[in-house]
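Written below as structure tokens is the structure these notes are about.
The values are calculated or read from the model by the stated rules, or taken from the named source; none is laboratory data. Quick caveat: nothing in here was measured; it's all calculated off a predicted structure. Cβ coordinates were reconstructed from backbone atoms using ideal geometry, including for glycine residues, and neighbour counts include every protein chain displayed.
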Amino acid sequence: MMRFVLIFSFLSLFSTQVFAQLEEEYYDIFRQAKLHIANHDEASAIPLLEDLWKRDHKNANVAYHLGASYIKQEQKIKQAVKLLEYAKENFSPYYNRAAVTERRASEYTYYYLIIGYSLTGKCDQTVETLNEFYTVFSYEDEWFLVEGQKWHRICGKKQFKDEQEDMLADADSVIAEAQESAEEAPVEKDVIDGAKEENNEDDEEIAPLADYKLSTEAKLLKPSSGWSRQGNYTRTKTPEKQYRDRLTPITDPESRGIQTKRVNYTTTHSLYGVQVGAYIDPKFTRDFDGIKNVEVYMDQNGVFRYVVGRLIYPQQAAKLLEFVKEAGYKDAFIVDINGATYQEEVVTLDNIPIKKDIRGKVDFRVQIGAFRDTIPDELVRTYLRIDRIRENIQGDLTVLTVGSYGSYDIAKRYCEHIKEIGLPDAFVVSYNYETKISVTEAKKYIDDKKSLRVEEQEKNIDKLEKLKDKEDKKKEKKDKL
């Protein structure tokens, strides 16, 4: 009897350890897949996600990621729709995008399902899902709602050529279908371009896209602090895809207590940066050797992305990309970092304040360069040499500044230092928040504020002296009595 108990205990312990190892392996694969997606390498993510889905066809989070990846790659669209339909049934407003153990589905399931219905001509389901999207969406970024409307408008105007298999009967049959080795028919590209030609909608973009695509030669290594990507990649021109990333800036990347904030740029255009890394666990920006001005963003899947620059034109970002690669970041690529645009009070007209009076914060900065569509090589190099560069967007002009000082004299001394290190054309400028004003106006505004403070202090001193005199007279009168 005792022997039986010992054997049973051993087998129980052994099976528990095996299960734990398999579970950890499952989550490690999921981490790899999410990092592939963050690096625009859905082609490498899909086989991993397919393996996870075969192992556990009740994990709605895997179904969401796999379906969305199929949509982005424009392949297996019917299968993607079934996966996303299953994921939608398991949507939760409490979805944790950063946790690989999360089994529920994201609100963005609705967005990719809208695209899937549109590509397969299911217009009734497209508008129905769009209306559902309105009710469940957190309004973190209304861009997705606008794009969903566009996909509904083009629904049925050009049929998407999907794989030859019949529409799957239910979500679970995706597993059986995935195990078959049926050949897929070629996917018709430029779906949206064709629809735009038919409807003469040349002025409306469905979604901008980076021009480059990673190859599938990646190798994943696991350092002690988290996952990272390493490997050699080749880049090839690809047809424009119909989606883009939406990244949320991190307020304090140096802190492990992560918080996010919304950023509203003053341009309706796309803004481009160069992604230099993606991690499940955040790292310090100072860990990126050889480059400066690295900003941290969180994508919709909870992956931390590290990006340099905020530029108006893709050719500017392409030039920055060349220099970043020369600095050792061979896997870097271009991303669009502009968030949704919201209605605001008009504060400038032709870059001049519409209300001429200056209010609030005024500071002095050192301008190191300005450009329109082409960024000079020497300015690109400054991104790798000088820290805390700010890109000030003024219409189609990008002005680069460093520093922020309340005193013109201090800014002037810093400007001399900038000149000494190789930027002889640097000069001092002034801003009222993000609106450029003349140095003369800024000096006068600051001097006036100082004068007002002095006057206020003098008034307070007078009040105190009068109060003291009054108290002294009371005391003197009391002493006489």
- Query: Mind checking which pairs have a first residue in the stretch 305-316 that is on the phi > 0 side of the Ramachandran plot and a second that is in a loop (DSSP other than H, G, I, E, B), Cβ under 8 Å, 6 or more apart or different chains?
  - Reply: GLY309/ASN293
- Query: When THR435 is evaluated against the numbered criteria (1) exposed (fewer than 10 other Cβ atoms within 10 Å of the Cβ); (2) touching a strand residue (DSSP E or B) at 6+ places or on another chain (Cβ under 7 Å), which criterion, by number, is the only one it fails?
  - Reply: (1)
- Task: Of the conditions (1) in a helix (DSSP H, G or I); (2) touching a Leu at 6+ places or on another chain (Cβ under 9 Å); (3) at pLDDT below 90, LEU52 clears all except one; give me its number.
- Result: (3)
- Message: If PRO424 meets every condition in (1) exposed (fewer than 10 other Cβ atoms within 10 Å of the Cβ); (2) more than 30 Å from TYR383 (Cα to Cα); (3) not β-branched (Val, Ile, Thr) apart from one, which number is that one?
- Response: (2)
- Item | One residue from GLU128, GLU89 being over 17 Å from GLN300 (Cβ atoms), of a type outside the set (A, V, I, L, M), surrounded by fewer than 17 Cβ atoms within 10 Å (Cβ to Cβ) and in contact with a strand residue (DSSP E or B) (Cβ under 9 Å, 6 or more places away or on another chain) | GLU89
- Message: Let me confirm something: among LYS449, LYS459, which residue is under 42 Å from the mean Cα position of the chain (by Cα), in the same structural domain as GLN394 (by TED's automatic domain parsing), under 30 Å from PHE364 (Cβ atoms) and among the charged types (D, E, K, R)?
- Response: LYS449
- Message: For a quick check of your reading: which strands (runs of 3 or more DSSP E) sit entirely within the stretch 267-315 and have at least 3 residues that are assigned by TED's automatic domain parsing to the domain that holds THR398, surrounded by fewer than 18 Cβ atoms within 10 Å (Cβ to Cβ) and not aromatic (Phe, Trp, Tyr)?
- Response: none
- Query: Given the conditions (1) in a loop (DSSP other than H, G, I, E, B); (2) more than 25 Å from the chain's Cα centre (by Cα); (3) of a type outside the set (Asp, Glu); (4) at pLDDT 90 or above, and given that TYR95 satisfies all but one, which numbered condition is not satisfied?
  - Reply: (2)
- Task: Would you check which residues across the stretch 61-86 are surrounded by 24 or more Cβ atoms within 10 Å (Cβ to Cβ) and closer than 13 Å to TYR110 by Cβ and list them?
- Result: TYR64, GLY67, ALA68, ILE71, VAL81, LEU84
- Considering the stretch 62-92 alone, what residues qualify as being within 23 Å of the chain's Cα centre (by Cα) and not aliphatic (A, V, I, L, M)? TYR64, HIS65, GLY67, SER69, TYR70, LYS72, GLN73, GLU74, PHE91, SER92
